[in-house]
Amino acid sequence: MSELRWLERQLEIARKADDRQSEGHALGDLGLAYIELRDAHRAIQCFEQWLVIARETGDRSQECGAVGFLGSAYSCVGNMRRGIELYKQAISVATEIGDLHRVAGGLFNMSLMLGASGDHIQAVTNASAALAICEHIKSPLVERVRQQLAEWRAAGESG
């Protein structure tokens, strides 16, 4: 059975059992599979359903994940403005629940979208904030953030 079919089966089982938490997790996993298959529109549908469930069940951690992945999916379809809005929401939720890993990841991902949109000043600002958090929590993301900042700074000096 393909991974996609297996994930669809997990979603079906969760729905039959009326297990909203498992349904949300299955939708998130299915959305990630669609991202890997480069079908961002279907991923968006899954992540939006996951977000509804996370909010209905009051699971702030799942809400943060759903909003963040939804932001990534919107960037995949070229809607950077919506992606950035969603990352701001994800960062807000992550901050409220005290999840510094997600705050740093959200700031960095948002900086990438800002950079792709041509807003290099805000991109560097967000990446710098992400780097400070990454260094503080000893995140494995730290080197990737440093590298991106170095690239932007070098481009800024030559431009």
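The values are calculated or read from the model by the stated rules, or taken from the named source; none is laboratory data. From a predicted model like this one, the values you see are computed outputs, not experimental measurements. Glycine gets a Cβ as well: all are built from the backbone with ideal geometry, and neighbour counts include every protein chain shown.
Values as computed for the structure displayed
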read-out	value
Residue within the stretch 51-58 that is part of a helix (DSSP H, G or I), closer than 19 Å to L27 by Cβ and of a type in the set (S, T, Y) present	yes
G105 modelled with pLDDT of 95 or more and either in the same structural domain as S75 (by TED's automatic domain parsing) or within 22 Å of V77 (Cα to Cα) (or both)	yes
Within the stretch 107-143, tally of residues that are touching a residue at least 40 places away in the same chain (Cβ under 8 Å) and not hydrophobic (A, V, I, L, M, F, W, C)	1
Check on V67, at pLDDT 95 or above, surrounded by 15 or more Cβ atoms within 10 Å (Cβ to Cβ), assigned by TED's automatic domain parsing to the domain that holds T125 and not hydroxyl-bearing (S, T, Y)	no
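Rundown of residues vs (1) surrounded by fewer than 17 Cβ atoms within 10 Å (Cβ to Cβ); (2) of a type in the set (A, V, I, L, M, F, W, C); (3) farther than 24 Å from A129 by Cα, yes/no style:
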| position | (1), (2), (3) |
| --- | --- |
| L7 | no, yes, yes |
| H25 | no, no, yes |
| L32 | no, yes, yes |
| A40 | no, yes, yes |
| S72 | no, no, no |
| V77 | yes, yes, yes |
| K88 | yes, no, no |
| A94 | no, yes, no |
| H101 | yes, no, no |
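For every residue, the table says whether it meets (1) modelled with pLDDT under 95; (2) within 14 Å of the chain's Cα centre (by Cα); (3) surrounded by fewer than 22 Cβ atoms within 10 Å (Cβ to Cβ).
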| position | (1), (2), (3) |
| --- | --- |
| G118 | yes, no, yes |
| T125 | no, no, yes |
| S128 | no, no, yes |
| L131 | no, no, no |
| Q148 | no, no, yes |
| E157 | yes, no, yes |
